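Below: one structure, written as structure tokens.
The values are calculated or read from the model by the stated rules, or taken from the named source; none is laboratory data. Computed from a prediction, not measured in an experiment: that's the story for all the values here. With ideal geometry, Cβ positions are generated from the backbone for all residues, glycine too; neighbour counts draw on all protein chains shown.
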Amino acid sequence: MSEERKKIRTVVVDDEDLARQIVREMLKPHPEVEIIGECANGFEAVRMVGELKPDLLFLDIQMPKLDGFEVLELIGDEIAVIFATAYDEHALRAFEVHAVDYLLKPFGAPRFELALERAKQRLGKKMSPAPDQLLAASREPGKYLERLVVKDGTRVQIIPLDKLDYAEAQDDYVALVSQGKKYLKQQTISNLESSLDPAHFVRIHRSYIVNLERVRRLEPYGKDSHVAILSDGARLPVSRAGLARLKSLLEGKI
Amino acid sequence: MHPILANVRQLLLYLLAWLPLSGILLYLLISFGGVEWTRALIFIVPLAMVFAFVCLSAWYSCRATPLASSGFWRLAATHLLGAVSASLLWLLIARGLSLAMASISPFARFDQQIARELPVLFASGVLLYLLSVALHYVLMATDIAHQAEKREVEARVLARDFELKALKTQVNPHFIFNSLNSISALTSSDPAKAREMCILLADFLRKTLGLGEKAYIPLAEELELVHAFLSVEKIRFQRRLTLEEKTDPGALRVLVPPLLLQPLVENAIAHGVANLTEGGWIRLEIRKSESENVSIMIENNFDPDTPRRRGQGIGLRNVRQRLDTSYGSRARFDVRANGDRFLVALGLPAEKMA
């Protein structure tokens, strides 16, 4: 067992056949690396990684369904990732999510070898970013998220933000409520708040963020708190600070 | 250069205007000075022509004292001084001419006859000179207005050229990098195909480089560019990309601004097939109607669930703007998304033909 070193189990994700072919070819002189799967879009990537639990992932960024950063956000922190893309503008974000390396297409064998060497060094130790960091990196700097991605068993659920009614903190998770369905995502509510557009989403309570468009009316509740009643009838607690924030936004709209 | 002397036509017009003026001088000389009319005519015509040229000197003093920036007293002093000196010079010439004429027998004692009329001539000279001052001010004003207009037109043309140039030179670098990556992959698996793609890419790049200088190209040439672009993308996306094209041969000779369709096709790929796992299609249709219009439709399917990426819309805005600068309201540009279909429709006048 110690004689024959354990193979590095690898998945290659790229929507272009030819791009996957290059990675395959460059891995050929490395018998210690075994390609256990290839796929062409973000959905497949998430499912394949969930099923095969590879050690190393070659990941394109611009892909159908989910982009590379969204895939990374969903597959968590166990895997060493090497990004390969023609776009150099994502490099900074790639290092924020502790990618092993960032290959710019087209790349040559020496550059590829370097990336592989870095991956091997990384494999021994765990140096994974917190999921919050992953989420923060999944949006472009200075922009707010346009959709949320959640893993629902082996399936991936995409929630466009205009379909998100509210979010509720539940221990280490947030529950995202959209069209009557609840999805759990491992994330803190403050982190979620910071990636949402403050013109549409308000933190009305320590544990709640609401989509402003869903708020029908406010009712007093108890001595000095309120409840927000949403268009689908849901009732959410509103703290005093939340009420002030909500009022200033609603007044701004009128 | 003097505005009247610079142009023969204007000089002739100016001298023509002096004919009625010399008529008035003639009348003064005949009815008040009692000079016989043939003598008066022979005397006044050359004298008036000479003074016509003397009065042109008003331009220099007008230029030195612009109406807008000179005070009333300065204007009055300058031009009265000019009028008096011009008129005195004229008297001197008149005196000389009358003396010269008097030396010939038919004009005997003509000089004495004229000497009595010198005050009248002086007054007329002052008035005529001041009239010329007014004329020169008018000329200067129209000249300034004309130049301002010309500058404005030049500035507009310059701005438009600049804008067109800025809009044109936009080959997407990602397209080049992705193509080079495909070539890199093919070099070992299919060298012949790699070479083919190299040539197609070079062909496309050479075509776009050459277009920068031109304002219009035949639609056929733009289509060649689109085909070169699509052949490269076809190798990159392989079976994922399906193309369908229908072109009315009558439209091929119509002149269009360069790089009008290529950005739209590039857009169709970036937001269509690039986001579709199962592959995407692009349909290009070009028709020339009876009413001398060309209509171009580019349609593609796309994934409605993929959020719009940064940069989407720049290509469309760019083309819309260029249609606008080239054709104004005679061009049409519509963008429609319907379900999973995206349609860009342009209409432009077939006014220029290759």
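The table for this structure:
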| read-out | value |
| --- | --- |
| Test: residue in the range A:24-44 that is buried (at least 23 other Cβ atoms within 10 Å of the Cβ) and free of Cβ contacts under 8 Å to residues at least 40 places away in the same chain | no |
| Hits in the range B:87-133 (condition: hydrophobic (A, V, I, L, M, F, W, C) and either exposed (fewer than 12 other Cβ atoms within 10 Å of the Cβ) or not in a helix (DSSP H, G or I) (or both)) | B:Leu92, B:Ile104, B:Ala108 |
| Candidate set: the range A:69-88, residues that are within 13 Å of chain B (Cβ to nearest Cβ) and under 17 Å from B:Pro307 (Cβ atoms); chosen: the one nearest to the chain's Cα centre (by Cα) | A:Glu70 |
| Number of the exception - B:Thr325 against (1) more than 30 Å from A:Gly42 (Cβ to Cβ); (2) in contact with a strand residue (DSSP E or B) (Cβ under 8 Å, 6 or more places away or on another chain) | (2) |
| Hits in the range B:190-215 (condition: more than 35 Å from the chain's Cα centre (by Cα) and either small (Gly, Ala, Ser) or outside the structural domain of B:His227 (by TED's automatic domain parsing) (or both)) | B:Ala192, B:Ala194, B:Ala202 |
| All positions within the range A:44-65 that are of a type in the set (A, V, I, L, M) and at pLDDT 90 or above | A:Ala45, A:Val46, A:Met48, A:Val49, A:Leu52, A:Leu56, A:Leu57, A:Leu59, A:Ile61 |
| The range B:42-55: number of residues that are surrounded by fewer than 18 Cβ atoms within 10 Å (Cβ to Cβ) and touching a Ser or Thr at 6+ places or on another chain (Cβ under 9 Å) | 2 |
| Sole residue being more than 14 Å from chain A (Cβ to nearest Cβ), surrounded by 21 or more Cβ atoms within 10 Å (Cβ to Cβ) and not in a strand (DSSP E or B), chosen from B:Leu260, B:Leu323 | B:Leu260 |
| Residue check for B:Ile282: within 23 Å of A:Asp15 (Cβ to Cβ) and more than 14 Å from every other protein chain (Cβ to nearest Cβ) | yes |
| Options B:Gly272, B:Gly250; residue that is in contact (Cβ under 8 Å) with a residue 12 or more places away in the chain, within 25 Å of A:Gln21 (Cβ to Cβ) and either under 33 Å from the mean Cα position of the chain (by Cα) or crowded, with 22+ Cβ neighbours inside 10 Å (or both) | B:Gly272 |
| Matching option when the condition is in contact with a helix residue (DSSP H, G or I) (Cβ under 7 Å, 6 or more places away or on another chain) and either within 12 Å of chain B (Cβ to nearest Cβ) or assigned to a helix (DSSP H, G or I) (or both), among A:Glu25, A:Glu44, A:Glu51, A:Glu38 | A:Glu25 |
| When residues of the range B:189-224 are limited to those that are free of Cβ contacts under 8 Å to residues at least 24 places away in the same chain and assigned to a loop (DSSP other than H, G, I, E, B), the one farthest from the other protein chains (Cβ to nearest Cβ) | B:Glu213 |
| Residue in the range A:152-207 that is farthest from A:Lys247 (Cα to Cα), counting only those that are in contact with a Phe, Trp or Tyr (Cβ under 9 Å, 6 or more places away or on another chain) and charged (D, E, K, R) | A:Arg155 |
| Members of the range A:153-196 that are loosely packed, with under 15 Cβ neighbours inside 10 Å, modelled with pLDDT of 90 or more and acidic (Asp, Glu) | none |
| Boolean, B:Leu243 is at pLDDT 85 or above, under 38 Å from the mean Cα position of the chain (by Cα) and away from every other protein chain (no Cβ under 14 Å) | no |
| Residues satisfying the stated conditions in the range B:178-188, i.e. without any contact (Cβ under 8 Å) to a residue 12 or more places away in the chain and more than 7 Å from chain A (Cβ to nearest Cβ) | B:Thr187 |
| Unique match (being within 15 Å of the chain's Cα centre (by Cα) and part of a strand (DSSP E or B)) among A:Leu196, A:Leu176 | A:Leu176 |
| Residue match in the range A:217-236 (condition: touching a residue at least 60 places away in the same chain (Cβ under 8 Å) and in contact with a Phe, Trp or Tyr (Cβ under 6 Å, 6 or more places away or on another chain)) | yes |
| Residues of the range B:1-23 classified as modelled with pLDDT under 85 and not polar (S, T, N, Q), total | 6 |
| Condition met for A:Leu52 (touching a residue at least 40 places away in the same chain (Cβ under 8 Å), outside the structural domain of A:Lys185 (by TED's automatic domain parsing) and surrounded by 19 or more Cβ atoms within 10 Å (Cβ to Cβ)) | no |
| Among the candidates A:Arg20, A:Arg47, A:Arg9, A:Arg24, residue that is among the basic types (Lys, Arg) and within 18 Å of A:Glu117 (Cβ to Cβ) | A:Arg9 |
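Table: residues versus (1) under 20 Å from B:Leu346 (Cα atoms); (2) under 29 Å from the mean Cα position of the chain (by Cα); (3) not assigned by TED's automatic domain parsing to the domain that holds B:Ser231.
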| site | (1), (2), (3) |
| --- | --- |
| B:Glu278 | no, no, no |
| B:Glu285 | yes, no, no |
| B:Glu290 | yes, no, no |
| B:Met297 | yes, no, no |
| B:Asn300 | yes, no, no |
| B:Thr306 | no, no, no |
| B:Arg322 | yes, yes, no |
